[in-house]
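Structure first, commentary second.
The values are calculated or read from the model by the stated rules, or taken from the named source; none is laboratory data. Keep in mind it's a predicted model, so treat the numbers as computed, not measured. With ideal geometry, Cβ positions are generated from the backbone for all residues, glycine too; neighbour counts draw on all protein chains shown.
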Amino acid sequence: MQKQMKCVVFHGKQDERVEYRDIPEPQEGEVLIKVMACGICGSDVHIYEGDQGSAAAVPPLIQGHEFAGIVDRLGKDVTSCRVGDRVVADPANNCEECFYCEAGLMSHCDHMEAIGTTRDGGFAQYCTVPARLIHHIEDSVSFQEAAMAEPLACCINGADRSDIELGDDVVIYGGGPIGLLHLQLALMKGAARVAVVEPVEEKRAMATKLGAYCTINPVKDKVQKVLQDNGIYHVKTVIETCGRKETSEEAIEIVDKHGTVIYFAVTGVNATMDLKTYMVFQKELSIKGSYCSPYGMERATHMINAHRIDVTTMVSDAIPLEELESVLKDPKKRATGKYIVLPNGESD
Ligand SMILES: [Zn+2]
Ligand SMILES: [Zn+2]
């Protein structure tokens with residue numbers, strides 16, 4: 001029986017190493033998962049660059065929080081799944097007891113343990129997780145599709161926090177994997193027209209394929225003007241997924257009176273923007289954040305199991321563990337779309 005596993009360990013800023021470690025033992029209430037696919041997230045890049053992801057990461061750490069795989073072993077007292085089950089795991093292990101957990105605000109748990117951020121995650125052949133965080137996937141769903149459940153769950157939280165209603169017009173800044181999930185969710189919520197602002201041509205093409213009413217290249221054109229050229233005068237909701245100062249500020253300008261701006265991107269911890277407070281006052285704007293998602297994982301799994309959302313168009317490549325760092329350090333590579341790591345070789 002295999003005793004050791006290959007993994008990639010974060011040792012500090014811009015220092016990821018391929019290593020071999022003992023396969024971890026599932027503790028009471030935990031399962032051991034053979035990781036078949038694990039997505040690379042923007043927050044993994046923040047950690048790699050020495051900043052912070054969704055939480056502070058302390059090296060040495062195996063990152064990776066967007067993973068799908070096969071239950072390989074059960075810890076004591078696990079009854080919710082069996083060896084061989086195909087699953088995804090919610091990386092947010094909240095305490096269920098603190099003030100916020102009691103209030104149903106699990107994202108804000110005072111004792112949050114985040115798999116792949118504060119405890120070892122899925123950039124490894126095996127990973128242990130509490131069994132209560134497991135969701136089952138259908139045989140018709142590939143592991144690479146299933147690995148999109150976590151980012152989709154986060155987007156569901158953002159969509160929940162938006163006020164999109166039937167017939168609304170929506171603008172999304174960013175045509176990356178997250179922006180393209182938001183595009184589809186906005187349409188499902190009943191948005192009439194969704195415009196996607198994105199400088200990369202291939203990503204604009206993906207947005208068009210996934211139902212964008214129009215796309216805007218902000219390097220070439222003024223966003224407001226293109227919207228008006230397309231007959232869009234009242235943008236009810238703006239979702240900002242780039243985390244850039246200019247786009248964060250422009251979102252406030254282009255949103256309609258009484259509209260909502262969702263700041264979805266993980267920015268640098270000390271990132272700031274200039275906020276025209278008069279505009280917030282006069283337009284009666286709602287400005288909201290959206291932070292991870294223990295509330296969306298069940299629904300995300302349902303949507304992927306039912307093949308109700310396209311989670312493959314935005315995937316640009318699947319790579320072995322050895323190539324993880326080459327993606328983390330190369331923004332040009334990441335600009336082409338989502339990368340998924342296959343720790344155990346070809347997954348499906
Ligand atoms: Zn993520
Ligand atoms: Zn808690």
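A few points about this structure:
- Annotation: of all residues in the stretch 81-95 being part of a loop (DSSP other than H, G, I, E, B) and crowded, with 22+ Cβ neighbours inside 10 Å, the one that is farthest from ligand 1 (Cβ to nearest atom) is ASP90.
- Checked against the criterion of being of a type outside the set (Phe, Trp, Tyr) and crowded, with 21+ Cβ neighbours inside 10 Å, the candidates CYS242, CYS214 yield just one match: CYS242.
- On inspection, CYS7 fails the criterion of being under 22 Å from the mean Cα position of the chain (by Cα) and within 13 Å of ligand 1 (Cβ to nearest atom).
- Some residue of the stretch 35-56 being closer than 16 Å to ALA149 by Cβ and either without any contact (Cβ under 8 Å) to a residue 60 or more places away in the chain or away from ligand 1 (no atom under 16 Å from the Cβ) (or both): yes
Residue-by-condition table, conditions (1) in contact (Cβ under 8 Å) with a residue 40 or more places away in the chain; (2) assigned to a strand (DSSP E or B); (3) farther than 21 Å from THR260 by Cβ; (4) touching a Cys at 6+ places or on another chain (Cβ under 9 Å):
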position: VAL170; (1), (2), (3), (4): yes, yes, no, no
position: HIS182; (1), (2), (3), (4): yes, no, no, yes
position: LYS225; (1), (2), (3), (4): no, no, yes, no
position: GLN228; (1), (2), (3), (4): no, no, no, no
position: THR237; (1), (2), (3), (4): yes, yes, no, no
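- Residue match in the stretch 58-76 (condition: modelled with pLDDT under 95, farther than 26 Å from LYS333 by Cβ and either within 15 Å of ligand 1 (Cβ to nearest atom) or assigned to a loop (DSSP other than H, G, I, E, B) (or both)): yes
- With respect to the conditions (1) free of Cβ contacts under 8 Å to residues at least 24 places away in the same chain; (2) under 30 Å from ALA89 (Cβ atoms), ALA146 lacks only one, and its number is (1).
- VAL280, sole failed condition from (1) out of contact with any Lys or Arg (no Cβ under 9 Å at 6 or more places or on another chain); (2) closer than 18 Å to PRO177 by Cβ: (2)
- Filtered residue count, the stretch 101-126, keeping only those that are part of a strand (DSSP E or B), within 15 Å of ligand 1 (Cβ to nearest atom) and either surrounded by 24 or more Cβ atoms within 10 Å (Cβ to Cβ) or acidic (Asp, Glu) (or both): 1
Per-residue answers, yes or no, for (1) more than 16 Å from ligand 1 (Cβ to nearest atom); (2) within 25 Å of LYS288 (Cβ to Cβ); (3) without any contact (Cβ under 8 Å) to a residue 60 or more places away in the chain:
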| residue | (1), (2), (3) |
| --- | --- |
| GLU97 | yes, no, yes |
| PRO130 | yes, no, no |
| ALA153 | no, yes, no |
| ILE156 | no, yes, no |
| ILE164 | yes, yes, no |
| PRO177 | no, yes, no |
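- Residues being surrounded by fewer than 21 Cβ atoms within 10 Å (Cβ to Cβ), in a strand (DSSP E or B) and of a type in the set (Asp, Glu) - total across the stretch 1-47: 3
- Residue selected from the stretch 149-203 under the condition among the acidic types (Asp, Glu) and buried (at least 18 other Cβ atoms within 10 Å of the Cβ), by the criterion nearest to HIS307 (Cα to Cα): GLU150
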